[in-house]
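This structure is in structure tokens; I'll ask about it shortly.
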Amino acid sequence: MIKAEDVKYYDRVLSHIYKSANGQLQLAEAITICDGNDGLAEEIAEALENRELIMNLEDSTSREGTTLILTSKGKAKLLIGRGGFQAEQQILNSGNSKDHQMNIFNLYIENDSRCYNILHIDQGELDLIIDAYNYGKADLFINGERFLLKNLLKIKIFKFKDLKTSKKFIEFSYDKMKYTVDFYGKMYLEPRVLEVGGEDVTRNYIEGDYGHLNKDRMMVIPTTTPNSEQHFTMDIFISHSSKDAEVTKALVNVIRKALHIRSKSIRCTSLNEYRLSAGVDTDESLREEIFKSKAFIAVITSNSVDSNYVTFELGARWGSKLPMLPIICDPAGTSLLNPPLTGINALSATNAAQIQRLIEDLAKILSLELEPSSTYTEEIEALKKLITKPKQPVRVTGRTLKR
């Protein structure tokens, strides 16, 4: 009897049989699919035969010559001298076969250079990807298209009940503009979108670190050097005026307390902990991060609306049609908004409920768990108090200057 934890191997072997052009799978490949466990491969063969064995593999003196043939009734027979598991071709070509109504998978993959999807793949194609992940391959080809796995940061797998359902959902998502556009102008669907139509089955397939089965390979973890900020994909980019550093820091405190996000994942150039590294090309790095960051927060104040840098950053992000989250951190409120921001729902940091909404939106965009609101209430109140605090004029040599 196949153990519960080994059912996935059964599914993989069967999927390879049905996917193969000639309906054949070499025994050596089947053992590889079972992570080198030849005994498990034999148990799966026995299970596929539905206990109608012509001979017992355990008693065979030459296991390498065995062939498994699936009959039209869905049962199987074991023969010798055919060179592997084999399924009859008429089963593969049967339009009424329930096996043709197989699950379809859509993937989200993120590495250090880009995010992308692999769409509408079957179990066999998914197994190729999982094998590439397990053995730490830099890339792989599916239907002649190359997909990069090197320097992998995230992989998510979503199961759909059949191809028709998968295609319908993906087309609907693009029609409703649920996609994200990367720095290169390529569109992709994030996990938060795919999970609406499919089931997240990542944990059913990803069981170890990238390349964990390849013991002979030493993984090279990319490091960030002064001139290579692009090695890390920024989660949050905060566009703001340097004159609003105090308010912006209070906002960052709320975000970090609510989401437990690393400082390395936030770009906020006025705060030391979130600045660019020394020696980098400032304009080029910021230009890239404006497009590549997953979330873009615009801190709207009387200072930021007069800032050339902020104007450029907002215009670039808006023009790319990427997600943008404006939050007004000024008592003047919505009167500060000018086109195109007037067409975007801007939240107010003087309202605790709207700050909470900003945090919830961020959690969805970044696929992060949100801490209970009670744990960061103090940080929200500190931000509100800072914004609403009356600004006192500063007297210098007889003149009154405003901050």
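The values are calculated or read from the model by the stated rules, or taken from the named source; none is laboratory data. Because the structure is predicted, anything quoted here is derived from the model rather than measured. Neighbour counts are summed over all protein chains in view; Cβ atoms, including those assigned to glycine, are modelled from backbone coordinates with ideal geometry.
Taking Met234 as meeting all but one of (1) at pLDDT 90 or above; (2) within 20 Å of the chain's Cα centre (by Cα); (3) within 23 Å of Ala349 (Cβ to Cβ), write down the number of the exception.
Going through (1) at pLDDT 90 or above; (2) within 20 Å of the chain's Cα centre (by Cα); (3) within 23 Å of Ala349 (Cβ to Cβ) one by one, Met234 breaks only (1).
In the stretch 205-231, what count of residues is obtained for those that are hydrophobic (A, V, I, L, M, F, W, C) and either loosely packed, with under 12 Cβ neighbours inside 10 Å or at pLDDT below 60 (or both)?
4
So, of the residues in the stretch 151-204 that are within 22 Å of Asp139 (Cβ to Cβ) and β-branched (Val, Ile, Thr), which turns out to be surrounded by the most Cβ atoms within 10 Å (Cβ to Cβ)?
Ile157
Let me ask another. Of all the residues that make up the stretch 141-157, how many are over 18 Å from the mean Cα position of the chain (by Cα) and of a type in the set (A, V, I, L, M)?
Of the residues in the stretch 141-157, 1 are over 18 Å from the mean Cα position of the chain (by Cα) and of a type in the set (A, V, I, L, M).
Separate question: Name every residue in the stretch 112-164 that is farther than 24 Å from Glu199 by Cβ and part of a strand (DSSP E or B), in order of residue number.
Asp139, Phe141, Glu145, Arg146, Leu148
In the stretch 312-360, what residues are free of Cβ contacts under 8 Å to residues at least 60 places away in the same chain, in a helix (DSSP H, G or I) and among the acidic types (Asp, Glu)?
Correct list: Glu360 only.
I've got another one for you. Would you check which residues across the stretch 147-189 are touching a Gly at 6+ places or on another chain (Cβ under 7 Å) and within 19 Å of Tyr205 (Cβ to Cβ) and list them?
Phe158, Lys159, Phe160
What number goes with the only condition from (1) in contact (Cβ under 8 Å) with a residue 40 or more places away in the chain; (2) assigned to a helix (DSSP H, G or I) that Phe237 does not pass?
Going through (1) in contact (Cβ under 8 Å) with a residue 40 or more places away in the chain; (2) assigned to a helix (DSSP H, G or I) one by one, Phe237 breaks only (2).
Residue by residue through the stretch 303-326, note down the ones that are crowded, with 18+ Cβ neighbours inside 10 Å and among the polar types (S, T, N, Q).
Asn303, Ser304, Ser307
Let me ask something else about it. Answer with yes or no whether Val299 is assigned by TED's automatic domain parsing to the domain that holds Ser242, at pLDDT 90 or above and crowded, with 19+ Cβ neighbours inside 10 Å.
So Val299 fits the description; yes.
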